[in-house]
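Visitor: Below is one structure. I have some questions about it.
The values are calculated or read from the model by the stated rules, or taken from the named source; none is laboratory data. In this text, all values refer to a predicted model and were calculated from it rather than measured experimentally. Don't worry about glycine lacking a Cβ; one is built from the backbone with ideal geometry, like all the others, and counts go over all protein chains shown.
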Amino acid sequence: MLFPIADVLNPEQVAAAREALAKAEWIDGKATAGYQSAKAKDNMQLPQDHPVARQVGEMILAALGRNPLFMAAALPLHVYPPMFNRYSGGQQFGTHVDNAIRQIPGTGHRVRTDLSATLFFAGPEEYDGGELVIEDTYGPKAVKLPAGHMILYPATSLHYVRPVTRGARLCSFFWIQSMIRDDGKRAILFDLDQGIQRLARDLPGNEAAEASTVQLTGVYHNLLRQWAEM
Ligand code: NI
């Protein structure tokens, strides 16, 4: 499931992050690519241990922790520390699948990448090209979102970034290990969660609706109990 999440960061947060990112020293993105993806990857990246990467990354993680849509859609167990990339002057990233397991630098901790996330820091009007194209079950989808918005997509999918032919594309990217490894099961839980919330919202004070809400909430938690891995 492709899952856009609007306004993960507000315009003030985006502006503060961009100011810090503009002053940082960027390196060749091949530094963190595996053997196969190094051949496809042509972009610039902020070193993972750069203080700006840590500072902006922590802002993103805090914002995600307060975002009910993200929590419901991703059911996160671990979130990889956000990384940052920039594409300009025709740079692109050819078709690839992200590595399944990533070690968090400086720790022995490994994250299984169930979901990939891209958070946009430049508005679509600021650059040409640079769409993130994801091979979905129903064909390729091109994604280019407003600054502060994020796309969540299954890390199992083939994807690429089209060449940026004008301006610069600035994004954060990272991965999520979900309590629910399977994309289909996660989608069922999300639908159930949203349905329960709609029932509670649209029929306030209705006794039958309240009883159904309690029952369906029980079903939600019992499915989560069956399926969750921690
Ligand atoms: Ni990728």
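Visitor: Have a look at ASN67, ASN99 and point out the one that is within 16 Å of the ligand (Cβ to nearest atom) and touching a residue at least 24 places away in the same chain (Cβ under 8 Å). Show your work before the answer.
Guide: Numbers: ASN67 fails: within 16 Å of the ligand (Cβ to nearest atom).
Testing whether each residue is within 16 Å of the ligand (Cβ to nearest atom) and touching a residue at least 24 places away in the same chain (Cβ under 8 Å) leaves just ASN99.
Visitor: Between a residue in region 141-169 that is free of Cβ contacts under 8 Å to residues at least 24 places away in the same chain and any residue that is not in a strand (DSSP E or B), which pairs come within a Cβ distance under 8 Å, given they are 6 or more apart or on different chains?
Guide: Cβ pairs passing all conditions: ALA142/GLU131; ALA142/ARG162.
Yes/no per residue for (1) surrounded by 18 or more Cβ atoms within 10 Å (Cβ to Cβ); (2) touching a strand residue (DSSP E or B) at 6+ places or on another chain (Cβ under 7 Å):
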position: ARG162; (1), (2): no, yes
position: SER172; (1), (2): yes, yes
position: ARG186; (1), (2): yes, yes
position: ILE196; (1), (2): yes, no
position: ARG201; (1), (2): no, no
position: ASN206; (1), (2): no, no
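Visitor: Residues that are at pLDDT 95 or above, within 16 Å of the ligand (Cβ to nearest atom) and closer than 30 Å to ASN85 by Cα: find the strands (runs of 3 or more DSSP E) completely inside region 116-230 holding 2 or more of those. If you could, list the steps in order and put the result at the bottom.
Guide: Working: elements: 132-136, 139-143, 150-154, 159-161, 164-166, 168-178.
Qualifying strands (runs of 3 or more DSSP E): 132-136, 139-143, 150-154, 159-161, 168-178.
Visitor: Do the conditions hold for TYR80, that is, is it in contact with a Gly (Cβ under 8 Å, 6 or more places away or on another chain), among the hydroxyl-bearing types (Ser, Thr, Tyr) and either away from the ligand (no atom under 16 Å from the Cβ) or at pLDDT 95 or above (or both)? Don't jump to the end; show me each part of the working.
Guide: Details: in contact with a Gly (Cβ under 8 Å, 6 or more places away or on another chain): no; among the hydroxyl-bearing types (Ser, Thr, Tyr): yes; either away from the ligand (no atom under 16 Å from the Cβ) or at pLDDT 95 or above (or both): yes.
Here the answer is no, as TYR80 does not meet what is asked.
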